[in-house]
Amino acid sequence: MKQYPYPLSLTLLAAAAALLAGCAASVGAQTAPTTAPSASTAPAGTPVPAAGVSRPGFDSKPIYTAGVSGDEQKEVVMISVAIAPGASSPPHTHPGDCVGTVVDGQIELRALGKDVRRVQAGEAFGNTRGTVHQFVNVGDKPVRMITTLVVDKGKPRTMMQPDFK
């Protein structure tokens, strides 16, 4: 993961996210093992290492990190996510906003207290700070997503939460 010493404007971030999603679609999925503990057994409130989250059928890893222009307390993190058919992310929250796009496949976005939403390739989603959410692959092929977090610098980027329906 490359760390950039200069802040990145949100306009440039949006353009970079769109470009990265397009590149990911044309190059193919790439996942790598992480050193993160098993997210499926982590108790609620457990911070996840910056390396990402990994559990059977679910893998996420940061691919870009930068500061936010005009706000020394925030950072932007782009994350590559792969989800096998029938698998899901663990329920979790972030100390900031989370937006993303599905590059391949189809997910159900489950957010505590909200209606379940289906998101297909080419569509986007978003969750506000502290929203407990989970991504579930409801299709019969692997899902690839790019998520972008704008979070409090120095805090764990992801916190595990209890299962919910």
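The values are calculated or read from the model by the stated rules, or taken from the named source; none is laboratory data. Fair warning: this is a prediction, and the values are worked out from it, not measured in the lab. Cβ sites come from the backbone with ideal geometry, for glycine too, and all protein chains shown count toward neighbours. Just so you know, the surface numbers come from the protein's heavy atoms only, side chains and all, with ligands and any DNA or RNA stripped out. Shrake-Rupley method; radii C 1.70, N 1.55, O 1.52, S 1.80 Å.
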Qualifying positions in the range 106-139 - in a loop (DSSP other than H, G, I, E, B) and of a type in the set (D, E, K, R):
LYS114, ASP115, GLU123, ARG129
Go over the candidates ARG144, ARG157 one by one and state the one that is closer than 22 Å to PRO56 by Cα and in a loop (DSSP other than H, G, I, E, B).
ARG157
Those residues of the range 38-88 which are over 21 Å from PHE164 (Cβ atoms), open to solvent by 50 Å² or more (accessible area, probe 1.4 Å) and modelled with pLDDT under 70 amount to PRO49, ALA50
Note on the range 101-125: residues farther than 18 Å from GLN161 by Cβ and of a type in the set (Gly, Ala, Ser) are GLY105, ALA121, GLY122, ALA124
Write out, first by first residue and then by second, each pair whose Cβ atoms fall under 8 Å of each other, whose residues are 6+ apart or on separate chains, and whose first residue, in the range 61-83, is of a type in the set (Lys, Arg) while the second is buried (at least 21 other Cβ atoms within 10 Å of the Cβ) and not in a strand (DSSP E or B).
LYS61/GLY52
Give the residues of the range 120-162 that are open to solvent by 30 Å² or more (accessible area, probe 1.4 Å), in contact with a Pro (Cβ under 9 Å, 6 or more places away or on another chain) and within 16 Å of PRO47 (Cα to Cα), sorted by residue number.
ARG129, GLY130, LYS155, PRO156, ARG157, MET159, GLN161, PRO162
Hey, does the range 89-105 have a residue that's touching a residue at least 12 places away in the same chain (Cβ under 8 Å), open to solvent by 30 Å² or more (accessible area, probe 1.4 Å) and not in a strand (DSSP E or B)?
no
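Out of the range 104-137, which residues are among the β-branched types (Val, Ile, Thr) and within 16 Å of ALA82 (Cα to Cα)?
As a first pass, look at the range 104-137 and keep what is among the β-branched types (Val, Ile, Thr): 107, 116, 119, 128, 131-132, 136.
Answer for the range 104-137, where residues must be among the β-branched types (Val, Ile, Thr) and within 16 Å of ALA82 (Cα to Cα): ILE107, VAL119, VAL136.
Can you pull out the residues in the range 114-136 that are polar (S, T, N, Q) and over 14 Å from THR148 (Cα atoms)?
Quick first cut of the range 114-136, residues polar (S, T, N, Q) only: 120, 127-128, 131, 134.
Hits for the range 114-136 are GLN120, THR131, GLN134.
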